[in-house]
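The values are calculated or read from the model by the stated rules, or taken from the named source; none is laboratory data. Everything numeric here is computed off the predicted structure, so don't read it as measured data. Every residue, glycine among them, receives a Cβ derived from its backbone with ideal geometry; neighbour counts consider all protein chains shown.
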Amino acid sequence: MSVVVRERSSGRLQLFCKGADAAILPRLSRAFSESVEGQRIVADSKAAIDQYAMDGLRTLCVAVKPLEEEAFEEWLDVYEEAEKVAVDADDEMLGEAASFMEDNLELLGVTAIEDRLQENVEETISSLRRAGIQVWVLTGDKLETALNIARSCGLFGNDASTHQIDGLEDLRAVDAAVPYNLVLNPSAIDHLRQGQAEMVECVANCVAVLCYRMTPAGKSDVVKAVKKRLKGKTLAIGDGANDVPMIQTADVGVGITGLEGMQAAMASDFAVARFFYLRKLLLVHGHWSYYRIASAFLYFLYKNASWVFVVFWYQFFNDFSANTPLDPLFSMLYSIVYTRQALLQPVFHGIFDQDADEFVLGGHPELYKQGRRNKLYRNRDFFLNMADALWQSAVIFFIAYGVYNETASDYWAFSFQLCSGIYVVNSGHLLLITGSWTMPLMWMNIVFTVLYFGINFLYALFVSPRLEVGANPPVGTYIASMTDHNFWYVLLLTTVVALLPRTIAILMTNTIQPSDVFLEQEKRKAEIQQKMPPTVICGRPINFLRI
C-alpha cells in the first residue's frame with residue numbers, strides 16, 4: 001500500500017510504500033541497492049526481519065520514492081483513466097498503474113508488531129480437529145512468522161510431523177503412514193489449483209495446513225481449490241478486510257467483529273465477537289441445525305405420505321372413483337393446524353427439539369461427525385419412513401373399515417374415525433421422534449389436541465360436513481362419534497398398532513446399537529440425577545430426573 005505526501009514547507013512530493021519484504025525489496029532502485037549505505041540498510045533490515053519473525057512478530061518494510069511534479073501528474077491521469085474502466089479493485093490495469101509508481105524505491109527500515117491471539121484459540125482448534133474438521137490457516141506473513149503462529153495457536157502439535165512443500169518434488173519426503181502437517185507457499189497452492197493428483201492426495205490426508213505469503217485473492221483461490229479438488233464443504237473465518245474475498249467464496253462465511261473493523265462481519269453469513277465462539281457455532285448449533293432439518297424433513301415426507309396412503313386404500317373399495325373418505329375441512333386444516341407442519345411444527349419442533357444438550361455436544365466434539373457423515377438422512381431413512389407411512393395408513397384405514405363395515409354407522413362417522421386416526425397417529429409419531437421434551441413442546445401437543453377436537457365439535461354443532469358422495473348428514477355427526485365409547489376404543493387400538501413398529505425399532509436401536517449421541521446424553525442424565533437431592537414421598541426417597 002502506498003500514499004503520496006506533499007511537504008508543506010517545500011512542496012516536494014514523496015511516495016511512501018509499505019509491504020512485505022518479498023514485495024518491497026525487489027522494487028528497490030539499482031542506485032540505492034548498489035550504494036554502500038543502501039547495502040547496509042538492506043542487510044540490517046533483513047537481519048531484523050528474520051529476528052522479528054523468529055520472535056513471532058508480524059513485519060513490514062517501509063520505503064520512499066521522491067517524485068517529480070510533472071511525472072506524478074502524468075501518472076495520475078493514467079491511474080484515473082484505469083479507474084474508470086476497471087471492473088473491480090483487482091483489475092489488471094489498476095495493478096499495472098500502481099506497479100509503475102511503486103518502483104525504484106529507497107528502503108527506510110522495517111516495523112514489527114505483535115498480533116496477539118485471542119483467548120481460547122488453541123482449545124477451539126483442538127476441538128475442531130477432534131470433530132473431524134481439517135483446519136487450514138491462511139496468512140500473509142512470511143514463513144518464520146507463520147510457523148510461530150501455527151505452533152502458538154495449536155495448529156501444529158507434537159503428534160504429527162511437519163513438511164514444507166514448495167513444489168511437487170517435496171512430496172516425496174511425506175510419509176503417508178505417519179500423521180503429518182503441510183506448509184504450503186503460493187507455488188504449491190498453484191499445483192493444488194491445477195489438480196495435480198499427488199498434491200491433492202497429500203493435502204486430503206494431512207492433519208492441518210498452513211499457507212503463508214497469501215494475498216486476499218490468494219486466500220479466495222485456496223478456498224476455491226479446496227471446494228473443487230477436495231470436494232469438501234468449506235467454512236472461512238476472518239476479521240479483516242483482506243479476508244472478505246475468502247469469506248464470500250466459502251460455503252459458510254464467518255466474520256469476527258473487533259479491532260480490524262466490520263468489513264469481514266458485514267460480508268459474512270454469521271458474525272461472532274470472538275474466535276472461540278466458532279466452537280459453539282459449529283459443534284452445538286451446527287449439530288442441532290442438521291438434526292432438526294433432517295428430523296423435520298423426514299417427518300414432513302412421512303406425514304404427507306400417510307395422509308395420501310389412507311386415501312389410496314379407500315380407492316380399492318369405491319371402484320377407484322377418486323372420491324376421498326376425508327372431510328374437506330380436515331383436508332384443508334391438516335397441514336395448517338392439525339399436524340402443525342405449515343407453521344408451528346417447524347417453529348416449535350425445529351427450534352426447541354435437540355437430541356443432546358449443549359454441555360454434551362460442547363464437551364464431546366466427536367459427536368459432530370454425525371452430521372458430517374450424514375447419519376440422520378440417508379436413503380435407508382427415507383425408505384423406512386415411507387414404509388412406516390404405508391403401514392400406519394393401512395392400520396388406520398383397515399381397522400376403521402373392519403369396525404364400521406356393514407354396521408349402522410354412517411359414512412361420516414367412518415370419515416371422522418379416519419381423520420382422528422390420522423391426526424392422533426401423526427402426533428404420536430412426532431412424540432416418538434422428539435429428542436428432548438421441553439415445556440413449549442408439551443404445551444404445543446396439549447393445546448393442539450384440544451384444538452383438533454374443539455374445532456370438530458364446533459364444526460359438527462353448526463356446520464354439516466359436505467362431500468360430493470351420499471346425502472348430507474344431520475348436524476351433530478361428529479359429536480355423536482365423540483360421545484361413543486367405541487370411537488375411543490378404535491382410536492386407541494389404531495394408535496397402538498400403528499406406532500408399535502416404530503416404538504420397537506427405537507427401543508431396539510437404543511438398546512442394541514445406540515448412537516454415540518444417545519450414549520453421551522444418557523451419561524449426562526445419570527450425572528444430573530446423582531447430583532439432585534432425593535424427594536421424600538411417604539418416607540421413601542425418590543429421585544426425579546429433569547432434563
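If a residue must be in contact with a helix residue (DSSP H, G or I) (Cβ under 7 Å, 6 or more places away or on another chain), more than 13 Å from T438 (Cα to Cα) and assigned to a helix (DSSP H, G or I), how many such residues does segment 346-374 contain?
Residues meeting the conditions: 12.
Between a residue in segment 360-388 that is farther than 15 Å from S127 by Cβ and any residue that is β-branched (V, I, T) and surrounded by 14 or more Cβ atoms within 10 Å (Cβ to Cβ), which pairs come within a Cβ distance under 7 Å, given they are 6 or more apart or on different chains?
Filtered contacts from segment 360-388: Q370/V517.
Give me the pairs: first residue in segment 494-510 and in contact (Cβ under 8 Å) with a residue 60 or more places away in the chain, second residue exposed (fewer than 15 other Cβ atoms within 10 Å of the Cβ), beta-carbon distance under 7 Å, and six or more apart or on different chains, which are they?
So the pair list comes out as L499/L432; R502/L432; T503/L432; I506/L432.
Give segment 248-270 a look and list any residue that's touching a helix residue (DSSP H, G or I) at 6+ places or on another chain (Cβ under 6 Å) and either closer than 13 Å to S220 by Cβ or at pLDDT below 90 (or both), or say none.
Hits for segment 248-270 are T249, A250, G253, T257, Q263, A264, A267.
From the set of residues in segment 222-239 that are out of contact with any Leu (no Cβ under 9 Å at 6 or more places or on another chain) and more than 21 Å from L282 (Cβ to Cβ), which is modelled with the lowest pLDDT?
K228
Just checking, how many residues over segment 182-213 are at pLDDT 90 or above and either at positive phi or assigned to a strand (DSSP E or B) (or both)?
Matching residues across segment 182-213 total 7.
When you go through V450, V497, V469, V490 one by one, which is the residue that is part of a helix (DSSP H, G or I), exposed (fewer than 13 other Cβ atoms within 10 Å of the Cβ) and either more than 34 Å from the chain's Cα centre (by Cα) or modelled with pLDDT under 80 (or both)?
Just one listed residue meets the conditions, V450.
Conditions (1) more than 30 Å from I133 (Cβ to Cβ); (2) under 33 Å from the mean Cα position of the chain (by Cα); (3) of a type in the set (V, I, T), marked per residue:
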{"residue": "K375", "(1), (2), (3)": "no, yes, no"}
{"residue": "D410", "(1), (2), (3)": "yes, no, no"}
{"residue": "A413", "(1), (2), (3)": "yes, no, no"}
{"residue": "G421", "(1), (2), (3)": "yes, no, no"}
{"residue": "T434", "(1), (2), (3)": "no, yes, yes"}
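Which one is nearest to the chain's Cα centre (by Cα), of the residues in segment 102-149 that are among the β-branched types (V, I, T) and closer than 30 Å to R372 by Cα?
Here the residue is I133.
Among the strands (runs of 3 or more DSSP E) confined wholly to segment 1-72, which include 1 or more residues that are touching a helix residue (DSSP H, G or I) at 6+ places or on another chain (Cβ under 8 Å) and either more than 27 Å from G140 (Cβ to Cβ) or modelled with pLDDT of 90 or more (or both)?
Of the strands (runs of 3 or more DSSP E) lying wholly inside segment 1-72, those with at least 1 residues that are touching a helix residue (DSSP H, G or I) at 6+ places or on another chain (Cβ under 8 Å) and either more than 27 Å from G140 (Cβ to Cβ) or modelled with pLDDT of 90 or more (or both) span 13-19, 58-67.
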